1. Which of the residues that make up the stretch A:89-102 are more than 7 Å from every other protein chain (Cβ to nearest Cβ) and under 19 Å from the mean Cα position of the chain (by Cα)?
2. What do you reckon, is A:Gly63 touching a residue at least 12 places away in the same chain (Cβ under 8 Å), within 14 Å of chain B (Cβ to nearest Cβ), out of contact with any Ser or Thr (no Cβ under 8 Å at 6 or more places or on another chain) and surrounded by fewer than 20 Cβ atoms within 10 Å (Cβ to Cβ)?
3. Output the residues belonging to the stretch B:124-139 that are free of Cβ contacts under 8 Å to residues at least 40 places away in the same chain and surrounded by 19 or more Cβ atoms within 10 Å (Cβ to Cβ).
4. In the stretch A:1-59, which residues are among the basic types (Lys, Arg), surrounded by fewer than 15 Cβ atoms within 10 Å (Cβ to Cβ) and assigned to a helix (DSSP H, G or I)?
5. Look through A:Glu129, A:Glu74, A:Glu122, A:Glu78 and report the one residue that is out of contact with any Cys (no Cβ under 9 Å at 6 or more places or on another chain) and away from chain B (no Cβ under 11 Å).
6. Filter the stretch B:161-172 down to the residues that are on the phi < 0 side of the Ramachandran plot and crowded, with 21+ Cβ neighbours inside 10 Å and list them by number.
7. How about the stretch B:1-84: which strands (runs of 3 or more DSSP E) wholly inside it have at least 2 residues that are more than 17 Å from A:Arg98 (Cβ to Cβ) and at pLDDT 95 or above?
8. If you check B:Ala121, B:Ala180, B:Ala97, which single one turns out to be buried (at least 20 other Cβ atoms within 10 Å of the Cβ) and more than 30 Å from B:Ser68 (Cβ to Cβ)?
Amino acid sequence: MAQENDIELLDFWVSPFGQRVRIALAEKGVDYEYKEQDLMNKSEFLLKSNPVYKQIPVLLHGGKPICQSLIIVEYIDEVWSDKPPLLPAEPYARANARFWADFTDKKVYECGTKLWKLKGEEQAAAKKEFIEIFKFLEGELGDKTFFGGETFGFIDVALVPFVAWFYAYETCAKFSIEEVCPKIVAWGKRCMERESVSKTLSDPDKVYEFVLFLKKRFGVE
Amino acid sequence: MASDGLLNGLKLYGSWASPYTHRVQLALKLKGLEFEYIEEDLTNKSTSLLLHNPIYKKVPVLLHGDHSIVESVIILQYIDETWTDNSLLPSDPYERALVRFWCYFIDDKLGTTLGTVFKSAGEEQKKAVSEVHENLKLVEGELQEGVFKGRRFFGGEKIGLLDIVLGCGSYWLSVFEKVADVKLIDSEMFPLFCSWLKDFEEQPEVKEIIPAIDKLLEYAHGVRQLMLSLSSTAGDPTTTTTTITGDDQGSKD
């Protein structure tokens, strides 16, 4: 029986969405119990906690579940408001942060998946799309240290887990993200200097191994 | 408290049949905010629209002074956080997370499956209809047993963010039933949802925003004929269809 202040996270080790939550919790210095889920054989507890989507991550606070990674991150930011905020205070800056985090949600994972799932002309089209997406992001980043300016914030949390997938994307689609979006790669390295990020992100080699496993499972050569 | 649109510098680019536009219009009305409205021809988008929403090129777009804000749920939260009287979101963080979750679900699942009902025929449509029913069942369940149990609106005694998001668009249920000749909703299957919807649609601010049903019927009928004829000649649906089938798209975790 969960205590009022118990925090549990249902997650999957390599999930960039789960990692957003782990980074947010680490930034706020929150203790929690991590519960690795088997996504090929989902537990009753996961299905009960997220009956609508049956997906990770799910954060449970005193037994009450919260689903969808960006919604969880906002929740964390609001509950642990005594710690440095992830979202800015000013309404327009907040709207902007939500816009770019949402853009990441709509675009990055799906396009990245196409890079390893598709071949030939379809893959080439996906590569073009991927570069376009990251050029938009690079435009928003500009010469700032982080997307939020001087401080690590909401957009950074939303995007940074995908940095660990760059090596896999580059290897599968044969291109260099650093060549096309050097500012993004530099930003990724700056983020990795934060313990919350470096301790959370998967090793790029392990991500690539995982992608190879997925390729096999989906019958992609 | 009414405020002058010119003083506020509020301008809304929208489309008369777009539920996403209606959401913003309703929120501004509930906050007593006057604004300039610009109707966009979605088959011939203005340079202003493309300038202010270069990435998605969609309505609604809210201009507030120098700022442009896009994506309806983001716009609604911006309005709520800028004009803080008559809150649209609850104050409790857990309830706020639930409201955001259900808003996400409505756009990601309910809106998408409803769009498919409208765009398709035969087996594909049948499947989409049953998915809409599954999605409505989930909403009904929330009204029956969830945090919102026993409330008049999701926001309590007054309309809140989730009411706006779900309500603006639910009128398509009865429109699509007639136009696409399907059974989507009745008070036996979804009693709480139906009584909530009736109450929502009777609110004076809502009545002022939502277009007349016969106008929506005529519009939807025309678009569906066009889409079906295009799909039979292997073409892409026109941009007009995106007002109905979804401007804002959710993504999965």
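1. Hits for the stretch A:89-102 are A:Asn96, A:Ala97, A:Trp100, A:Ala101.
2. Numbers: touching a residue at least 12 places away in the same chain (Cβ under 8 Å): yes; within 14 Å of chain B (Cβ to nearest Cβ): yes; out of contact with any Ser or Thr (no Cβ under 8 Å at 6 or more places or on another chain): yes; surrounded by fewer than 20 Cβ atoms within 10 Å (Cβ to Cβ): yes.
Judged against the criteria, A:Gly63 is a match.
3. Hits for the stretch B:124-139 are B:Ala128, B:Asn135.
4. Correct list: A:Lys48 only.
5. Result: A:Glu122 is the single residue among A:Glu129, A:Glu74, A:Glu122, A:Glu78 that is out of contact with any Cys (no Cβ under 9 Å at 6 or more places or on another chain) and away from chain B (no Cβ under 11 Å).
6. Residues satisfying the conditions are B:Leu161, B:Leu162, B:Asp163, B:Ile164, B:Val165, B:Leu166, B:Gly167, B:Cys168, B:Ser170, B:Trp172.
7. Values: elements: B:10-14, B:36-39, B:61-64, B:67-70.
Those strands (runs of 3 or more DSSP E) span B:10-14, B:36-39.
8. Details: B:Ala121 fails: buried (at least 20 other Cβ atoms within 10 Å of the Cβ); B:Ala97 fails: more than 30 Å from B:Ser68 (Cβ to Cβ).
Answer to the selection: B:Ala180.
The values are calculated or read from the model by the stated rules, or taken from the named source; none is laboratory data. The structure displayed is predicted, hence computed values, not measured ones. Reconstructed Cβ throughout: ideal geometry from the backbone, glycine too, with neighbour counts over all protein chains shown.
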